[in-house]
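One structure below.
Every read-out reported here was derived from the displayed coordinates using simple, explicitly stated rules and does not represent laboratory data. Remember, it's a predicted structure, so these values are computed and weren't measured experimentally.
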Amino acid sequence: MNKAELIESLSQECDITRTAAKAAVRVFSDSMAKALAKGERVELRGLCSFYVKDYKAYSGRNPKTGEKAKVKPKKLPYFKCGQPLKDRMNSK
């Protein structure tokens, strides 16, 4: 399912216009992105959680040349599946 399909599904399930559904999806995704940018955890009970992981700097290699390269520290969003979703995926 992509964003357009999610908007269409929301529009049909909630009997709202596509414009209203699009706005709801935009607010939801923007709010999650802002919270993660601030380092906050986003938890959707029964579905999943998102949080930011800090990665330290390390020495890596350029895959093309094999040359050593320093990789700077970084922060990346991390997704963790909730147990009810895991159970749902494995029940069939």
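Some values worked out for this structure:
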{"quantity": "Theoretical ellipticity at 222 nm over the chain - DSSP helices of four or more residues, -39500 (n - 2.57) apiece, nearest 500", "calculated": "-13500 deg cm²/dmol"}
{"quantity": "Square roots of five times the Cα gyration tensor eigenvalues for the chain, Å", "calculated": "35, 18, 15"}
{"quantity": "Flagged links, alpha-carbon separation over 24 Å, of Lys34/Lys86; Lys34/Lys75; Lys56/Lys80; Lys3/Lys86; Lys38/Lys74; Lys38/Lys72", "calculated": "Lys34/Lys86"}
